[in-house]
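Asker: If you scroll down you'll find the structure; I have some questions about it.
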Amino acid sequence: MSRSNSLKSVSSIVVLKPNGTGFQPVEVYKGDDVSRSTSRKFRPLEKMMVRTMRAQAVAAENYLDRHIKSADRKKNGWLKDAPKNLGKSVRRGSKELKIKTFKIF
């Protein structure tokens, strides 16, 4: 049986088959026995770490796009535009992290 979206919350499916004296339970589907990989007290820490890593990935991807565009525009453009590109990428990552940044200029 293929696992669809509706079966994610189902742990098992049991069908009662009749036998001579009554019914016998037969397990048709057994779901994955997945236990929580993180204990309850560490879940907020895990959530914060995952959110931080996603924000870093967004910032790095954003910087890479800006770096490539700057390098294609002019000679040594990536070096000339590095401070501006880094600032904008960090700002984009902090938006993903949901931290407010202060604009200096």
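Asker: Can you list residue pairs whose Cβ atoms sit under 9 Å apart, with the first residue in segment 37-59 being loosely packed, with under 11 Cβ neighbours inside 10 Å and the second being charged (D, E, K, R) and assigned to a helix (DSSP H, G or I)? Count only pairs 6 or more apart in sequence or on different chains.
Answerer: Final answer for the pair search is S37/E46.
Asker: Take segment 69-87 and flag every residue that is surrounded by 13 or more Cβ atoms within 10 Å (Cβ to Cβ) and either outside any helix (DSSP H, G or I) or not small (G, A, S) (or both).
Answerer: K69, W78, K80, D81, N85, L86
Asker: Considering only residues that are part of a helix (DSSP H, G or I) and within 21 Å of the chain's Cα centre (by Cα), look in segment 1-40 and name the one that is modelled with the lowest pLDDT.
Answerer: The first filter runs over segment 1-40 and keeps only residues part of a helix (DSSP H, G or I), leaving 5-7, 40.
Okay, now just the ones that are also within 21 Å of the chain's Cα centre (by Cα), so 5, 40.
Numbers: N5: 56, R40: 87.
Filtering first and then ranking leaves N5.
The values are calculated or read from the model by the stated rules, or taken from the named source; none is laboratory data. Here the structure is a predicted model, which is why all the values come from computation and not from measurement. Reconstructed Cβ throughout: ideal geometry from the backbone, glycine too, with neighbour counts over all protein chains shown.
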